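The values are calculated or read from the model by the stated rules, or taken from the named source; none is laboratory data. What you see is a predicted model, and the numbers here were worked out from it, not measured in a lab. Cβ coordinates were reconstructed from backbone atoms using ideal geometry, including for glycine residues, and neighbour counts include every protein chain displayed.
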């Protein structure tokens with residue numbers, strides 16, 4: 001074996017700078033995907049059939065095709081469809097948000113349906129408007145139930161963000177690949193990138209558990 005991790009030590013700060021890019025993409029895409037997921041989940045439980053059909057079709061498309069395909073369609077296909085090239089960062093955020101929204105919508109829908117129907121019936125009997133009932137009564141209870149699943153989706157998004165290196169976004173993976181090409185040693189920088197992703201995932205896992213414990217204590 002011809003391994004020498006000391007050879008990439010000078011390049012480690014350069015790779016570490018990619019953490020900021022990775023987290024920016026994950027946070028922005030995660031928030032957009034969360035709000036999109038809420039909207040789609042409300043469509044799915046709506047009494048208006050066309051809204052439910054649209055949400056189901058949307059979910060089936062984005063869950064049934066690879067994320068990397070969606071990313072490349074948005075980035076490489078944008079000049080042909082809209083007439084100009086979308087920036088790599090924007091394409092990454094957009095593709096991840098659209099994809100994540102499909103998965104989150106199913107998680108939220110299941111959480112809403114898991115809330116005791118008596119809560120909704122009581123709210124309706126008291127004349128609480130539907131939007132207020134969903135916002136103040138149903139949704140808070142649903143979010144408590146689905147927090148672990150939401151954190152898992154966020155962790156998955158963090159790991160999958162590595163594919164943005166395919167469109168030259170300077171995230172952790174892209175920088176590790178550049179260092180590998182510069183040093184003619186790919187194993188060491190890629191292992192270092194893997195360690196960074198592992199630490200990010202472990203940190204998110206601990207944050208998720210802490211939030212879950214706090215929400216349980218507040219019950």
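Quick one: how many residues across segment 71-80 are closer than 24 Å to residue 106 by Cβ and surrounded by fewer than 16 Cβ atoms within 10 Å (Cβ to Cβ)?
Total meeting the criteria: 1.
Scan 190, 157 and give me the residue that is surrounded by 13 or more Cβ atoms within 10 Å (Cβ to Cβ), assigned to a helix (DSSP H, G or I), touching a residue at least 24 places away in the same chain (Cβ under 8 Å) and on the phi < 0 side of the Ramachandran plot.
On the way: 190 fails: touching a residue at least 24 places away in the same chain (Cβ under 8 Å).
None of the other options fit; the residue is 157.
Just wondering, is there one or more residues in segment 136-151 that are closer than 24 Å to residue 72 by Cβ and part of a helix (DSSP H, G or I)? Break it down stepwise before answering.
Let us first name the residues in segment 136-151 that are closer than 24 Å to residue 72 by Cβ, namely none.
So far as segment 136-151 goes, no, none of its residues is closer than 24 Å to residue 72 by Cβ and part of a helix (DSSP H, G or I).
Residues that are in a loop (DSSP other than H, G, I, E, B), without any contact (Cβ under 8 Å) to a residue 12 or more places away in the chain, farther than 29 Å from residue 156 by Cβ and in contact with a helix residue (DSSP H, G or I) (Cβ under 9 Å, 6 or more places away or on another chain): does segment 111-121 have at least one?
For segment 111-121, residues in a loop (DSSP other than H, G, I, E, B), without any contact (Cβ under 8 Å) to a residue 12 or more places away in the chain, farther than 29 Å from residue 156 by Cβ and in contact with a helix residue (DSSP H, G or I) (Cβ under 9 Å, 6 or more places away or on another chain): present.
With respect to residue 68, determine if the residue is farther than 16 Å from residue 45 by Cβ, surrounded by fewer than 16 Cβ atoms within 10 Å (Cβ to Cβ) and in contact with a helix residue (DSSP H, G or I) (Cβ under 6 Å, 6 or more places away or on another chain). Give the derivation first.
Numbers: farther than 16 Å from residue 45 by Cβ: yes; surrounded by fewer than 16 Cβ atoms within 10 Å (Cβ to Cβ): yes; in contact with a helix residue (DSSP H, G or I) (Cβ under 6 Å, 6 or more places away or on another chain): yes.
It is true that residue 68 is farther than 16 Å from residue 45 by Cβ, surrounded by fewer than 16 Cβ atoms within 10 Å (Cβ to Cβ) and in contact with a helix residue (DSSP H, G or I) (Cβ under 6 Å, 6 or more places away or on another chain).
Looking at the structure I just gave you, is residue 170 in contact with a helix residue (DSSP H, G or I) (Cβ under 6 Å, 6 or more places away or on another chain), outside any helix (DSSP H, G or I), in contact (Cβ under 8 Å) with a residue 60 or more places away in the chain and under 25 Å from residue 67 (Cα atoms)?
The answer is yes for residue 170.
In the list 46, 60, 78, 41, which residue meets the criterion of being outside any loop (DSSP other than H, G, I, E, B), free of Cβ contacts under 8 Å to residues at least 40 places away in the same chain and farther than 18 Å from residue 169 by Cβ?
Just one listed residue meets the conditions, 60.
Scan segment 1-16 and report the pairs whose first residue is more than 11 Å from residue 187 (Cα to Cα) and whose second residue is loosely packed, with under 14 Cβ neighbours inside 10 Å and modelled with pLDDT of 85 or more, with Cβ atoms within less than 8 Å and a gap of 6+ or a chain change.
Matching pairs, first to second residue: 11/182.
If I filter segment 173-187 down to residues being outside any helix (DSSP H, G or I) and free of Cβ contacts under 8 Å to residues at least 60 places away in the same chain, which single residue comes out as surrounded by the most Cβ atoms within 10 Å (Cβ to Cβ)? Spell out how you get there, then give the answer.
Pass one, segment 173-187, residues outside any helix (DSSP H, G or I): 184-186.
Among the residues that remain, those that are also free of Cβ contacts under 8 Å to residues at least 60 places away in the same chain are: 184, 186.
Working: 184: 7, 186: 13.
Once the filter is applied, the top-ranked residue is 186.
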